[in-house]
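Notes for the one structure printed next.
The values are calculated or read from the model by the stated rules, or taken from the named source; none is laboratory data. Here the structure is a predicted model, which means the values were calculated and not measured. Positions of Cβ are backbone-derived with ideal geometry, glycine not excepted, and every protein chain shown enters the neighbour counts.
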Amino acid sequence: MEREEVKKRIAAKFGAKVKIEERSPRRVYVYAENEIWTDLARFLFDDLDARFDTGAAVDDRDGVEVMFFFPFDREHYYVTIKTFAAKPNPTLNSISPIIPGAKWIEREMFEMYEVNFRNHPDLRPVLRADTRPADFYPAKREVKDSHETVRERDDGETRADETAGRAPKGKNP
Amino acid sequence: MEAVLYFVRYLVFPGFLFSAVVGLLTTWVDRKVSARVQLRVGPPWYQPFADTFKLLGKEVVVPAGARHTGFLLMPVIGLAAATLASTILWLVNLRPETSFVGDTLVVLYVMTIPALALILGGSASGNPLGALGSAREMKLLFGYELPLVIAVLTSIVKVGSFSFEKILIYQEYNGVMLGSVSGVLAFIVMIFCAQAKLGFLPFDIAEAETEIAGGTHIEYSGGPLAIVRLNTAIMYLVLPLFIITLFWGGVNFVGWRILTSVLKYVAIVVIMVLIKNTNPRVRIDQAVRFFWGPMFALSAIAMILAIVGY
Amino acid sequence: MSLALKALKKSPWVFHVNTGACNNCDIEILDCLTPRFDVERFGVLLVGSIRHADVLLISGPVTQNILPRLKRLYEAAPRPIKVVAFGACGCRCGIFRDGYNIVGPIDKYIPVDAYIPGCPPKPETIISGIVKVLNQL
C-alpha cells in the first residue's frame, strides 16, 4: 500500500488522536495516544497488512516512550507508532493478544523500564539473571542517573586516566 | 605354538598394531585431502599420532551420572571388534588359505559392533545430548544396514559361496565384480553405506559437533576418547578393504600388485573424502529415507541383475 | 619431557566460549581456520565438547547470567587445561566496563594463562598467542 494512502487511512480512522509525520523517504511516524494504542496496532497489522518487526523504548524523564515498527516490505518503508507512557507507574495496553510476536519485546520493556502492560499473558523478565532482586530495572533514568552498576569501583581508577593514556592505578577489578 | 601365532596375528600383524598405524595414517590422508580441497595446507603426517598420544596423557573424567563400567568398557569392546574384522580381512587377502565358509557373514556381523558400542557408550554417559546422539545413531543403523546387506549379498550370490576365498578366486578368473552392471550398482550402494557407517558427512548426525556438541562422544576424555577415535580409524581401514575384497579383486602384495592395491585403497578413501567435503549434514529422517528409498531400490536392482546373470 | 606433553604441543584442541562478547572475536577465531592463516597445520582443532579440549578460549566480559556456567565449564575440563582470555573484553572488560550486568573480567574468577588483546585481535596476534601458550607447557 502506498505511503500517502496509508497516511490518509490512518488519519481518517483515528482523527485527532494521532499525529502523522514523515521525516525521511522511508519513515512514517505516527504519534498516538494511550487509549487507541491497541486499535492502531490492530489496524496496521490486520487491515493494512503490515508486518510487525520489533519495538524500542526510551526513558525520557517524565515517562517512557514506547515505539513499535511496522514495515511495508513491498513498498520499502516503515511505519513507526509511538506513544508516551507517563510516570509514575507507566502503564500501557499490550498488543500481544493481537500480535503474539510482541510478547517478548514487551517483556523486555517491562524488565528494563518497568512499563506495565495490561492484558499481557505472561509479564515477567526475559533476560534477567536469576540471582537479581525482583525490582532491578537497569535502564530506568533514576538508576542510570545515579551511576549504579553492579561492580564496585574500589581501585582508584577514573575515566580520565584511561583517556589520557595513563596506566591504571589499582589492581584488575 | 598355534596359540602364539594367533596372538601375534591379532595383536601385531595384521591385527591391532598394524591396523592402528595404517588406520591413523588413513585419517591423516583424509585431513590432508580435505585441507587441499579447501585450498589449505593441512596437518603434517604425524598429526593423528600426536592426537592419540596427547589424549593418552589427559585426565579421564567420568561424569557422576554415568554408568561407570559400561561407559569405560564400550570403547574397548568396539576396539576388539574392529581389530578382529581387520585381522580377518587382511588374513584372507594375504593368505587365502585362512579363509573359512561363512567368514563374510562373520565380518559383516563384527563390523556392526563398533557402532553398537558407540550407541551404548553414548547412552551410558548420563548426558542428554549423548542419549540424543545414541538415538540418532540407532536410527541411522536401521537405515543403512538394509542396503549394505543386500549389496554384500549381491557379490555372494554371483559367486555362489559365503567364503572370501571363493570370491577372490572367482574374481581372479572372471574379472572383478566392478566389471559387471550389478557390481557397479552394488559398489555405489556400498560407498554410501560405508560413509554412514563411519559417521562421515553427509551422515554424521550422531556426532554432530556444532549441533549436539559431540553427540555420543560428548563425555569421553583422555584415554577412552583416544580409543573411540582409534575405532573410527580402524574402521576407516576395514570398510574400504571390505569393499575392495568383495568388488575389486582384493589386495595382494605380490610383485606389481602392491602398487595397484595401494592405489585401489587410496582411490576409495579419496572418493569418501570428496563426498565428505562437498555435502552438508542431512537430518536423520532424510538419511533414513535416503537409505530405505533410493539406496534400497538400487541394491535390489543390483541383486536381481546378479541373480539373472549380469 | 614426556611423550604426552610433547604430543600436547603438537595438537592443542580449542574449545571456545563466548561470555557476552559482541561476537567480533568469535568471527576472528573463524578467520584463523580459513586458508589464509590455517591454524590446522599446527594441529589446532575446534572441538564441540569441553571434555575434548586442551585450551579454553574465552572471549567477552563475564555477564552475570553466564558466571555459574563458566565456572562449571572450567571445572569440567580435563587437566591439563590452558585458559586464554581473548580480546579486549576478555582481558579487562573492554568497552562494556560500565555495563549494568558485567561482573568483571575473566581472571577475577578463573586463572588465566595467556591474554590476547585486541578489539578484535588480528589473526597474526591470535597465532602468536597460541604459540606463547604452547611454549608455557
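Of the residues B:Ala196, B:Ala206, B:Ala233, which is modelled with pLDDT under 90, within 30 Å of C:Ala53 (Cα to Cα) and within 16 Å of the chain's Cα centre (by Cα)? After applying the criteria, what remains is B:Ala206.
How many of the residues in the stretch A:7-60 are part of a strand (DSSP E or B) and within 19 Å of A:Phe117 (Cα to Cα)? Write out each step before concluding.
If we filter the stretch A:7-60 for residues that are part of a strand (DSSP E or B), which is where we start, we get A:18-24, A:27-32, A:55-60.
In the following step, the residues that additionally are within 19 Å of A:Phe117 (Cα to Cα) were identified as A:31-32, A:55-60.
Within the stretch A:7-60, residues that are part of a strand (DSSP E or B) and within 19 Å of A:Phe117 (Cα to Cα) number 8.
When B:Trp256, B:Trp248 are checked against the criterion of being among the aromatic types (Phe, Trp, Tyr) and under 21 Å from B:Ser182 (Cβ atoms), B:Trp248 stands alone in meeting it.
If a residue must be more than 7 Å from chain C (Cβ to nearest Cβ) and not hydroxyl-bearing (Ser, Thr, Tyr), how many such residues does the stretch B:45-59 contain? Give the derivation first.
Step one: of the stretch B:45-59, the residues more than 7 Å from chain C (Cβ to nearest Cβ) are B:45-46, B:48-49, B:52, B:55.
Restricting the remaining residues to those that are not hydroxyl-bearing (Ser, Thr, Tyr) gives B:45, B:48-49, B:55.
Matching residues across the stretch B:45-59 total 4.
So, B:Lys166, is that one buried (at least 19 other Cβ atoms within 10 Å of the Cβ) and either on the phi > 0 side of the Ramachandran plot or charged (D, E, K, R) (or both) or not?
no
Within the stretch C:17-54, the residues that satisfy the criterion of being touching a residue at least 60 places away in the same chain (Cβ under 8 Å), outside any loop (DSSP other than H, G, I, E, B) and within 12 Å of another protein chain (Cβ to nearest Cβ) are C:Cys32, C:Val39, C:Phe42. Of the residues making up the stretch B:274-295, those that are surrounded by fewer than 17 Cβ atoms within 10 Å (Cβ to Cβ) and within 26 Å of B:Gly175 (Cα to Cα) number 0.
Results for (1) over 30 Å from B:Pro96 (Cα atoms); (2) away from chain C (no Cβ under 14 Å); (3) in a helix (DSSP H, G or I), shown as yes or no for each residue.
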residue: B:Gln171; (1), (2), (3): no, yes, yes
residue: B:Leu185; (1), (2), (3): no, yes, yes
residue: B:Ile188; (1), (2), (3): no, yes, yes
residue: B:Ala196; (1), (2), (3): no, yes, yes
residue: B:Pro202; (1), (2), (3): yes, yes, no
residue: B:Tyr220; (1), (2), (3): yes, no, no
residue: B:Asn231; (1), (2), (3): no, yes, yes
residue: B:Tyr236; (1), (2), (3): no, yes, yes
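Taking the numbered list (1) crowded, with 18+ Cβ neighbours inside 10 Å; (2) over 25 Å from C:Pro123 (Cα atoms); (3) of a type in the set (Phe, Trp, Tyr) in turn, C:Phe86 passes all entries but (2).
Pairs linking a residue in the stretch C:101-112 that is more than 10 Å from chain A (Cβ to nearest Cβ) and closer than 12 Å to C:Leu70 by Cβ to a residue that is surrounded by fewer than 21 Cβ atoms within 10 Å (Cβ to Cβ) and hydroxyl-bearing (Ser, Thr, Tyr), with Cβ atoms under 6 Å and 6 or more positions apart or on different chains, are C:Ile110/C:Tyr74. Applying a threshold of 7 Å to beta carbon distances and a minimum spacing of six or more residues, or different chains, the list of pairs starting in the stretch B:29-46 at a residue that is of a type in the set (Phe, Trp, Tyr) and ending at one that is surrounded by 18 or more Cβ atoms within 10 Å (Cβ to Cβ) reads B:Trp45/B:Trp28.
Restricting to the stretch A:33-57, and then to whatever is within 12 Å of A:Ile81 (Cα to Cα) and free of Cβ contacts under 8 Å to residues at least 24 places away in the same chain, can you tell me which residue is surrounded by the most Cβ atoms within 10 Å (Cβ to Cβ)? Here the answer is A:Ile36. Consider only pairs whose beta carbons are under 6 Å apart and that are at least six residues apart or on different chains; among these, list those whose first residue lies in the stretch B:283-310 and is closer than 11 Å to B:Tyr144 by Cα and whose second residue is outside any helix (DSSP H, G or I). Pairs found: B:Ala287/B:Phe203.
Could you grab me the full set of residues in the stretch A:75-104 that are outside any loop (DSSP other than H, G, I, E, B), among the β-branched types (Val, Ile, Thr) and surrounded by fewer than 21 Cβ atoms within 10 Å (Cβ to Cβ)? Break it down into steps so the answer makes sense when it comes.
Keep residues of the stretch A:75-104 that are outside any loop (DSSP other than H, G, I, E, B), which gives A:77-86, A:91-93, A:100-104.
Next cut, among the β-branched types (Val, Ile, Thr) only: A:79-81, A:83, A:91.
Across the stretch A:75-104, the qualifying residues are A:Thr80, A:Thr91.
The set of residues from the stretch A:90-133 being within 14 Å of another protein chain (Cβ to nearest Cβ) and either touching a Cys at 6+ places or on another chain (Cβ under 8 Å) or of a type in the set (Val, Ile, Thr) (or both) comprises A:Val126, A:Thr131.
Within the stretch C:55-71, can one find any residue that is part of a loop (DSSP other than H, G, I, E, B), in contact with a Lys or Arg (Cβ under 7 Å, 6 or more places away or on another chain), surrounded by 21 or more Cβ atoms within 10 Å (Cβ to Cβ) and not polar (S, T, N, Q)? Scanning the stretch C:55-71 turns up no residue that is part of a loop (DSSP other than H, G, I, E, B), in contact with a Lys or Arg (Cβ under 7 Å, 6 or more places away or on another chain), surrounded by 21 or more Cβ atoms within 10 Å (Cβ to Cβ) and not polar (S, T, N, Q).
For the stretch B:60-92, filtered to residues that are surrounded by fewer than 22 Cβ atoms within 10 Å (Cβ to Cβ) and in contact with a Ser or Thr (Cβ under 7 Å, 6 or more places away or on another chain), the residue that is nearest to the other protein chains (Cβ to nearest Cβ) is B:Val61.
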